[in-house]
1. Return the tail of the calculated pair distribution for region 39-164, meaning the percent of Cα-Cα pairs more than 19 Å apart.
2. So for the pair LEU60, ASN129, with labels modelled 7 Å out along Cα→Cβ, what separation do we get in nm?
3. Could you work out the relative contact order of the chain, using alpha carbon pairs under 8 angstrom and six or more residues apart, expressed as a whole percent?
4. Normalise the Debye intensity by I(0) for the chain, one equal point scatterer per Cα, no solvent, then take log10 at q = 0.09, 0.14 Å⁻¹ and round to two decimals.
5. Could you work out, for region 95-198, what percent of all Cα-Cα pairs fall into each 10 Å distance bin, beginning at 0 Å and stopping at the bin that holds the largest distance?
6. Among LYS136/LYS164; LYS90/LYS114; LYS199/LYS219, which pairs are too far apart, with a Cα-Cα distance over 31 Å?
7. Report, in whole Å, the centroid distance computed from the Cα atoms of region 63-102 and region 167-186.
8. Given DSSP loops and a limit of at most 14 other Cβ atoms within 10 Å, what is the longest stretch of the chain that contains no such GluC sites (Glu not before Pro)?
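Nothing in this text is a laboratory measurement; each read-out follows from the coordinates by a stated rule. Quick caveat: nothing in here was measured; it's all calculated off a predicted structure. With ideal geometry, Cβ positions are generated from the backbone for all residues, glycine too; neighbour counts draw on all protein chains shown.
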Amino acid sequence: MENKPFHTLKVGVFDSGLGGLTVLSELTKVSSGVKFFYLGDTARVPYGIRSDETIIKYSLECTRFLLKFEIDILVIACNTASAKATEVLKKEFPFLKIFEVITPAVEVVSSVAKRSVGIIGTPATVKSNIYLTRLKALNPSLEVFQKPTPLLVPLVEEGITDGKVAFEVLKYYLWEWKEKIDTLLLGCTHYPLLENSIKKLFPHWGIVNSAKPLAQKLKPLLNFGGKNEIRLYFTDKTAFLEDMVKRVSLKGEVKGVEIGNLL
Ligand code: DGL
């Protein structure tokens, strides 16, 4: 007989918009019998170009919204919010288990990179130096480069993840690292959708998508047997919302999608 858990685990995931669906996708792949509540703040994306105060304010509002569902675990899917708001959220909501995308990604990169690493992210994430500092602290022998790649977010939002334009923009940012690095860390929720194109241009690089190490870290906490249930919430109906939701594979039953002035 199936061992039914007394309490179904509820996991809240938030991102500045649609990109965090890549994180939700990885989380659902390693889970069973979990209820997921995803909030994409599509009305206010991007967070990556905003001030620290604004990123923290938005992150607090997203968390308060998800707390209405009595979540047990909060996942900050957004790298920018992970970099800027984790400490504040932990202080404000001490009863909540909070996970962010940066720590697990740094641990994996530190063990798989050979000599030099390139980190890409939003301007706010890169400016925080959080990936660079943590990586250097874990593995001081690594040479680490980083750069903001802000054009990649609208590119993905427009569905341009392959072909001439995507290749040109990727080359514009990454070509100078062609022989310089052996591992690339994708420090932004949107970039995994460009992973295949990056592989085509730089087949000799190892690529770490920050969502996967996080999913592996959480896996032991997320298995109860049975179907996952997924509810999606967005703060605005943006042009590519439906397309992105279709493009990302989610393991489980999508029980509902709500779009509106939620916060
Ligand atoms: N979700 C953001 C991140 O991972 C990317 C988009 C944005 O700037 O809000 O950093």
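1. Cα-Cα pairs in region 39-164 separated by more than 19 Å: 54 percent.
2. Result: 2.7 nm between the two label points.
3. Over the chain, the number comes to 29 percent.
4. Computed log10 I(q)/I(0) values: -0.38, -0.93.
5. Going from the shortest bin to the longest, the percentages are 14, 46, 31, 8, 1.
6. Over 31 Å apart, Cα to Cα: LYS136/LYS164; LYS90/LYS114.
7. 31
8. That would be 71-157.
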